[in-house]
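The values are calculated or read from the model by the stated rules, or taken from the named source; none is laboratory data. All values reported here derive from a predicted model rather than from experimental measurement. Here the Cβ is made from the backbone with ideal geometry for all residues, glycine too, and neighbour counts use every protein chain on show.
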Amino acid sequence: MPECGEITGLEKTKRGRYSVFVDGEFLWSLDGETLLKSRVRPGAVLEYAYLEEVKAQSDAVGCREKALTLLGQRAYARGELVERLCRDWPRPTARQVVAQLEEAGLVSDGDYAFRLADELYRYKHLSRRFIELELQKRGIDPALCREVLDAGGFDDGASIRALLEQKYAARLGDRAQRQKVLAALARRGFGYGDCRAAMEEYDTDYETGDPYVD
């Protein structure tokens, strides 16, 4: 492959980018901002190494625009956002863009992890174990997961009580049904001892005419 090539054409695409032709053949397309800042002009003879640098700059612009669009729709963990961007851009570019967004305060694993954990705890009443697994699926570091769960005061007992009140109260009067309730809670990641304790507490409160509500 020669070291240099001549820019023989620039054509604007329907998406507002510019197709670059070198020595009569299509090379790749650039965004307008990167094109203006570069030395890519019809008739210019440029080194391919320089052209690759320009392409990398254009990739970063497009990758950043996509990242900002995604963040405008919902929050993302750092690793999760990198993986999403890697569908369209090289991994080094995705990592570079996400690192810049992190420095700008637009991406924060700590904030994201706490908001998601709080949502799963308050509205879905998931166990600490399942919350931790969900955070890790989003790319959150295990140590940060444990830190968030400990600092947030997420209590399995409170979640079990909320589920008993909202979903299983009518089934607690029958012995066979109680076993099914225990199994259902266990499938949600709650410990057997915590489930039994919460059910006994519910029974006591119900008998005194004051069943709790989470």
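Okay, here's what the table says:
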{"quantity": "Enumeration of residues in region 165-179 that are surrounded by 14 or more Cβ atoms within 10 Å (Cβ to Cβ) and not in a helix (DSSP H, G or I)", "calculated": "172"}
{"quantity": "Complete set of residues in region 180-214 that are part of a loop (DSSP other than H, G, I, E, B) and either assigned by TED's automatic domain parsing to the domain that holds residue 130 or at pLDDT below 85 (or both)", "calculated": "208, 209, 210, 211, 212, 213, 214"}
{"quantity": "Residues of region 67-89 satisfying the condition of being touching an Asp or Glu at 6+ places or on another chain (Cβ under 7 Å) and over 19 Å from residue 105 (Cβ atoms)", "calculated": "89"}
{"quantity": "Subset of region 27-71 [in a strand (DSSP E or B) and either modelled with pLDDT of 95 or more or not aromatic (Phe, Trp, Tyr) (or both)]", "calculated": "27, 29, 30, 45, 46, 47"}
{"quantity": "Pairs, first touching a residue at least 40 places away in the same chain (Cβ under 8 Å) in region 23-51, second among the acidic types (Asp, Glu) and not in a loop (DSSP other than H, G, I, E, B), C-beta under 9 Å, six or more apart", "calculated": "45/6; 46/6"}
{"quantity": "Selection from region 125-164 of residues that are touching a Cys at 6+ places or on another chain (Cβ under 7 Å) and crowded, with 20+ Cβ neighbours inside 10 Å", "calculated": "132, 135, 160"}
